[in-house]
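The block underneath contains the structure these notes are about, expressed in C-alpha cells.
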Amino acid sequence: MRRLIRNTVMREGAGPTLPPQSRSSAPATLTPQGKTMIDIEEIRKDIAVEHNNLLSKDDPILISVSISERVLSQCVSILNEQNERNQKALLAAVKQGLAEGKVAAKEVVRSGGEYVSDQVHTAIESAINEGREELRKDLRLAWSKIEAARKASYVAAGVSVVCAVVTLGALVGSA
C-alpha cells in the first residue's frame with residue numbers, strides 16, 4: 001500500500017491519480033461474436049508486477065472484472081441500439097426537412113412567378129394606356145386638321161359658287 005501511495009501523483013486542485021506507468025495496459029481482445037473481452041491474464045500480470053502480488057485464476061476479486069465486463073457489454077449494446085434509433089430518427093427528420101423545403105421552394109417559385117407576371121402585366125397595361133393616350137392625342141389633332149380642311153373646303157365651295165354666279169351673271173348681262 002505504501003508503494004502505491006508513493007507512486008501517486010498529486011495535481012493541484014485534484015485528488016490522487018495513478019502515474020501513467022502504473023495504469024493497466026491490458027489489451028482488450030475480441031470474442032468470436034465480435035464483442036470486446038477483457039484479458040484477465042494481462043491484468044493478473046500487471047497486478048503481480050505493480051503490487052508484487054500474484055492473483056490466482058479463481059481469485060474472487062476477478063469476479064468483479066467479469067461483472068464489470070458484462071455490465072459494460074450490456075451498456076454498449078444499449079447505446080448501439082439507441083444510436084441506431086437516433087440515426088433512423090435523424091434520417092427521417094432530414095427527409096421530412098427536405099420534403100418541407102421542397103414545398104416551401106415550390107411556394108416561393110410560384111409566388112415569385114405570380115409577382116413577376118403581375119409586374120409584367122402592369123408594365124404592359126401602363127404602356128398600352130400611354131400609347132392609347134398618345135393615339136387619342138394624335139386623333140384629336142388629326143380631327144381638328146380634318147375639321148379645318150372641311151371648313152376650308154366649304155369656304156372654297158362658297159367662293160366657287162359666288163364666282164360661278166358672277167360669271168353667269170356676266171354672261172347673261174353681255175348677251
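The values are calculated or read from the model by the stated rules, or taken from the named source; none is laboratory data. Since this is a predicted model, take the numbers as computed values, not measurements. Glycine also receives a Cβ, built like all others from the backbone with ideal geometry; neighbour counts cover every protein chain displayed.
To keep it simple, each residue is scored yes or no on (1) at pLDDT 95 or above; (2) of a type in the set (A, V, I, L, M, F, W, C).
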{"residue": "84", "(1), (2)": "yes, no"}
{"residue": "126", "(1), (2)": "no, no"}
{"residue": "146", "(1), (2)": "no, yes"}
{"residue": "151", "(1), (2)": "no, no"}
{"residue": "171", "(1), (2)": "no, yes"}
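Contact map, the stretch 56-68: residues that are within 13 Å of residue 41 (Cα to Cα) paired with residues that are in a loop (DSSP other than H, G, I, E, B), Cβ distance under 8 Å, separation 6+ or inter-chain. Pairs shown: 62/55. The residue of the stretch 54-80 that is farthest from the chain's Cα centre (by Cα), among those that are of a type in the set (Asp, Glu) and surrounded by 12 or more Cβ atoms within 10 Å (Cβ to Cβ), is 59. So for the stretch 89-107 (the condition being surrounded by 10 or more Cβ atoms within 10 Å (Cβ to Cβ), modelled with pLDDT of 95 or more, closer than 30 Å to residue 38 by Cα and not assigned by TED's automatic domain parsing to the domain that holds residue 37), does at least one residue qualify? No, the stretch 89-107 contains no residue that is surrounded by 10 or more Cβ atoms within 10 Å (Cβ to Cβ), modelled with pLDDT of 95 or more, closer than 30 Å to residue 38 by Cα and not assigned by TED's automatic domain parsing to the domain that holds residue 37.
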